[in-house]
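To start, the structure under review is shown below, and the notes come after it.
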């Protein structure tokens, strides 16, 4: 809590923690274990791969459309509740489903619900932080911590009871998110704020600072795609066991949480969004150049620790940029365009690029990540030259 916290800050912060915890408990189970559940239901490796590839396009579309709906109606809280309940219901319906076609349809629909919830939760909780004066970075750290807990806890549950444990873990987590979103104090748009029009969102997206910020965020985050897609496979081929690989992933996320809890918010406030994008881009560039050399031992742990700098400042910079540059009534739409929209497209490109490079070059795939990070670093410098730190939306000419 900051020194200037307004009345009701504790309630708003706790509700925001609940929203992030519920959402990322679901994502932290879905990302590693949903392919396992699909395989247990009889889908082949090729079918699972095609389904996950198709889900990328669905997530991009939902991640842009759902936040726009939330902004257009002024009901971010209600939208988040509906997405949580719908997502939980769709996952629950998969338990008795036997037809592969039904599983495909439900998987795509449930993935869309989760993708739409991410930018809306960011907008809802960031608005509450601005309104009530608490530190968004510390609250957002609860999401990363929940993701880590889900990796470990759901992994144990799957070992004990099979992949169905992941399904019910996700259902319970999404319902918890819906409940805490319903209790969140910062949902509806101020009635004095004009209803946003689609043309306004499109005009915002065409402003030069918005484009540079979106590119900086998308490229720095997508530079992680080779590691996300093939890191575990590469480490396995290098002789690391499953426990060590799990510990490497957990180590990076734990340090990300530590950065957000300690200096994350103050760091971005001090160096600004453009500076934070540049910090993350520089850290990512160094990280992927080093990873291309196949570090081992203590050096591997060192470069995995750099995840705190290559990821967290870029996420916090995106939230800070949207809060400063976009009108309040368009913040969910702006985050949907930057995150799932442009960012999701870049992440898909990075994943497909890694898929083409890894079989032939193994760790050489990280040169792709280094290239994306370098471009993101350039976009951060362009943002610093094109943006004065103030609003850029349709309320301001130019």
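The values are calculated or read from the model by the stated rules, or taken from the named source; none is laboratory data. All values derive from a computational prediction rather than experimental measurement. For neighbour counting, all protein chains shown are included, and Cβ atoms are generated from backbone atoms with ideal geometry for every residue, glycine included.
Brief remarks follow.
For (1) surrounded by fewer than 20 Cβ atoms within 10 Å (Cβ to Cβ); (2) closer than 25 Å to residue 320 by Cα; (3) not assigned by TED's automatic domain parsing to the domain that holds residue 72, each residue gets a yes or a no:
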position	(1), (2), (3)
338	no, yes, yes
342	no, yes, yes
346	no, yes, yes
352	yes, no, yes
364	yes, no, yes
368	no, no, yes
373	no, yes, yes
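- Any chance residue 334 is in contact (Cβ under 8 Å) with a residue 60 or more places away in the chain, more than 15 Å from the chain's Cα centre (by Cα), part of a helix (DSSP H, G or I) and outside the structural domain of residue 125 (by TED's automatic domain parsing): no
- Filtered residues of the stretch 280-292 (kept if over 13 Å from residue 318 (Cβ atoms) and buried (at least 22 other Cβ atoms within 10 Å of the Cβ)): 283, 284, 285, 287, 288, 291
- Residue check for residue 110: within 18 Å of residue 260 (Cα to Cα) and buried (at least 24 other Cβ atoms within 10 Å of the Cβ): no
- Among the conditions (1) closer than 21 Å to residue 105 by Cβ; (2) part of a helix (DSSP H, G or I), the only one that residue 28 does not satisfy is (1).
- Under the condition of being in a helix (DSSP H, G or I) and more than 17 Å from the chain's Cα centre (by Cα), the residues counted in the stretch 88-128 number 19.
- Filter pass, residue 383 being buried (at least 24 other Cβ atoms within 10 Å of the Cβ), assigned to a helix (DSSP H, G or I), touching a residue at least 40 places away in the same chain (Cβ under 8 Å) and more than 16 Å from the chain's Cα centre (by Cα): yes
- The stretch 129-141 - residue that is part of a helix (DSSP H, G or I) and modelled with pLDDT of 90 or more and, of those, farthest from the chain's Cα centre (by Cα): 129
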